[in-house]
Amino acid sequence: MTSEIIATKPEIVRLQEVVNKLLTTSRKLKVLEAGCGSATEIKLPNDSYFVGVDISAKQLDRNTVAQEKILGDIQTYPLPKNDFDVILCFYLLEHLPQPQLALQNFLQAIKEDGIIVLALPNVLSIWGLITKFTPHWFHVWVYRNIFGEKRAGTDDFGPFQTFSRFSTSPKDIQQFALSHGLSIEYVDLYENFRQTGMREKFGFWWTILAGAIKILSFGKVATDNTDYILVLKK
């Protein structure tokens, strides 16, 4: 089932290597994918049992990986305690008005020695701040007219409403993890392919914009690291 997943994004290839090293148990894995949508990013053992949670019935219907599908809000859905070996959460936290509730839910649902994989935008980046402070209709327009994704915003396809709370910054989530007894096994900050394309297209003007923002923010706003991945262990 998951053996058909072939990682091509550099950040996913790097993540896959880390996950492979951390998952050394011989027992059958129980995996939760929060905001599972219609696809899974990384490869796990073929006999893993996947549970998918999403608020979109259409996205759940499109998912061919999850054996168990739950229509629900990860902020409030009562996950069973100490039940999952792996929790995957790819590009969900930025869409939640209260991401800390989801993190607390993961914390009580993960088994001892289990891992939590989080991937999300860096809100303290040029890309992240523009996304945070522009309206949803603008995101849809950009996806359709700049990125060429004509079905964007229709039939439960993204982009979805975004909150991007500052509590989801790389520093804040790492502090949350450490304060709740989780170890930080892996951190990867990187530039997403969309910004790479725009930076290459608007080279000179992008350099001017990035330089100005770096100066005005006293270096606190990232000009290149638009996204990040964290792997946490209980």
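Nothing in this text is a laboratory measurement; each read-out follows from the coordinates by a stated rule. These numbers come from a predicted model, not from an experiment.
Computed across the chain, the Kirkwood radius stands at 18.6 Å (inverse of mean 1/r, all Cα pairs).
When the listed pairs LYS9/LYS150; LYS43/LYS233; LYS58/LYS81; LYS58/LYS171; LYS150/LYS214 are checked against a 26 Å cut-off, the alpha-carbon distance exceeds it for LYS58/LYS81; LYS58/LYS171; LYS150/LYS214.
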